[in-house]
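Would you mind keeping the following structure in view while I ask a few things?
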Amino acid sequence: MWQNLLLAFGLSLLIVGLAYWRQSLAPSGAAAAVLVGTLTFGLGGWVWGILLGIFFVSSSALSHFKEEQKQQMAEEKFDKSHRRDAGQVLANGGAGTLIAVASFIWPSPLWVYLFVGTMATVTADTWATELGTLSRRPPRLITNGKRVEVGTSGGVSRLGTAVSFGGGLLIGLVAALLLPWNSLGTALSLILAGAVGGLSGSLFDSLLGATVQQIFYCPVCQKETEKKLHRCGTTTRFLRGWRWLNNDGVNFTASLVGGVVAALIGWTFV
């Protein structure tokens, strides 16, 4: 076990170091990413590490895709920048890490599906955010279909939904290719776990964003935002949602929901 953890620690340092150099991670985020990578890879195994790596590398790359075009919207709407801090890293990778630890202590085939679902969800949600915000059509609120501004919490678009499905599907396909299976049905179940679990978790993320996530309002810019201090320098006022539930909490919760959906799919095959 210790050899696996040391190897995982070394690989995590290398990958995280490159991401930090690329300014994809803040110092606290880099430290959290090393912890997440070490435990997930070291206790879950190399396939688990690869799935985590796919999420991490793809999300970091997409955050830089058409970065200037997305910058103004991100500064106006999102509480945090593309340089992920510890909260963001743990919100996206923390559930998978806990699952890796649990699978090491209490082995069961269902942990694999749960992990695939969590990784599929955070990948799907990140892809939807990074690419969906580039949609030429304005998003609609998931609860009532009302048109909202790009970047609004709870807003969904056709492009965002499509790439969300694609992100989850990628995780499921890689899991099916790399994990051992004794029947075609098991392989298909892993693909479904990624695609359906990822999309379900991502949509649940949007539902929480539209209903209970803390949202603030800038009276000067007359804009809804996740920020307590808006980009114009104005202190925003609380508008709606639960005061304790920020975007990190929404991401973590949604990843667990996607994992549960994937585990239910796996349960029918295990």
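If amide H atoms are built 1.01 Å from N in the plane of the peptide, which residues on other chains or at least 5 residues away come under 5 Å of the amide H of Arg84?
Leu25, Ala26
While we're looking at this one, here's another question. Roughly how many Å is it from the Cα centre of the range 24-46 to that of the range 133-164, as a whole number?
That distance is 31 Å.
Calculated from DSSP H runs of 4 or more alone, at -39500 (n - 2.57) each and per residue, what is the 222 nm mean residue ellipticity of the chain, nearest 500?
Values: 9 runs with 175 residues, N = 270.
Taking each H run of at least 4 residues, the total per residue is -22000 deg cm²/dmol.
Ranking request for peptides 192-199, 88-95: highest mean number of other beta-carbon atoms within 10 Å first, then the rest in descending order.
Details: 192-199: 28.1, 88-95: 24.8.
With the highest mean Cβ count within 10 Å placed first, the list reads 192-199, 88-95.
Sticking with this one: Neighbour counts of other C-beta atoms within 10 Å: give me Lys223, Lys228 arranged from fewest to most. Numbers along the way, then the final one.
On the way: Lys223 19, Lys228 13.
Placing the least packed residue first, the sequence is Lys228, Lys223.
Taking +1 at the Cβ of each Lys and Arg and -1 at the Cβ of each Asp and Glu, which of Leu229, Asn247, Val163 sits farthest along the dipole of the range 2-267 towards its positive end, judged by Cα position relative to the Cα centre?
Highest projection toward the positive end goes to Leu229.
In debye, nearest 20, what is the charge dipole magnitude of the chain about its Cα centre with +1 on Lys and Arg Cβ and -1 on Asp and Glu Cβ, if you could check?
Numbers: 20 positive and 13 negative charges, 150 e Å.
The dipole of the chain has a size of about 720 debye.
Using only Cα atoms and rounding to the nearest 10 degrees, what angle (0 to 90) does helix 2-21 make with the longest principal axis of the chain?
Value to nearest ten degrees: 30.
Given R₀ = 41 Å, what would the calculated FRET efficiency be for Trp46 paired with Ala162, taking r from the Cβ atoms and rounding to 0.05? Write down the numbers at each step before the final one.
On the way: r = 30 Å, r/R0 = 0.74.
According to the calculation, E is roughly 0.85.
What label, among (i) 59, 37, 32; (ii) 66, 50, 35; (iii) 58, 46, 30, belongs to Cα extents along the principal axes in Å computed from the structure on display?
Identified label for the calculated read-out: (i).
Give the angle, between 0 and 90 degrees and rounded to the nearest 10, that separates the Cα long axis of helix 247-267 from the longest principal axis of the Cα atoms of the chain.
It works out to around 40 degrees.
Sticking with this one: Going by how many other beta carbons lie within 10 Å of each one, how would you line up Tyr217, Tyr20, fewest first? Mind showing how you got there, number by number?
Numbers: Tyr217 15, Tyr20 18.
So the residues, fewest neighbours to most, are Tyr217, Tyr20.
For an R0 of 35 angstrom, estimate the FRET efficiency from the Cβ-Cβ distance between Leu173 and Asn144 and round to the nearest 0.05.
Details: r = 34 Å, r/R0 = 0.97.
Efficiency for this residue pair is about 0.55.
Tabulate in residue order the Karplus-calculated ³J(HN,Hα) for the range 232-239, using 6.51 cos²θ - 1.76 cosθ + 1.60 with θ = phi - 60°, rounded to whole Hz; enter x for Gly and Pro.
Once θ is set to phi - 60°, the couplings for the range 232-239 become 7, x, 8, 6, 7, 10, 5, 10 Hz.
Note the angle between two axes, namely the Cα long axis of helix 184-211 and the longest principal axis of the Cα atoms of the chain, as a number of degrees from 0 to 90, rounded to the nearest 10.
Result, in degrees: 20.
Further question: Which of the cysteines in the chain are isolated, no other cysteine C-beta under 4.7 Å?
Lacking a cysteine Cβ partner under 4.7 Å: Cys232.
Moving on to the next point. Of all DSSP beta bridges in the chain, what percent run antiparallel (nearest 5)?
Numbers: 10 of 11 bridges.
Counting only bridges with both partners in the chain, antiparallel ones make up about 90 percent.
With labels modelled as points extended 7 Å from the Cα through the Cβ direction, what inter-label distance (nm, one decimal) is found for Asn182 paired with Asn4?
So the label points at Asn182 and Asn4 sit 2.1 nm apart.
According to a simple spin-label model (label point 7 Å from Cα along Cα-to-Cβ), what is the distance in nm between Leu14 and Ala102?
3.1
Each value in this text was obtained by applying a stated rule to the coordinates, not by laboratory testing. What you see is a predicted model, and the numbers here were worked out from it, not measured in a lab. Cβ atoms come from the backbone with ideal geometry, glycine included; neighbour counts cover every protein chain shown.
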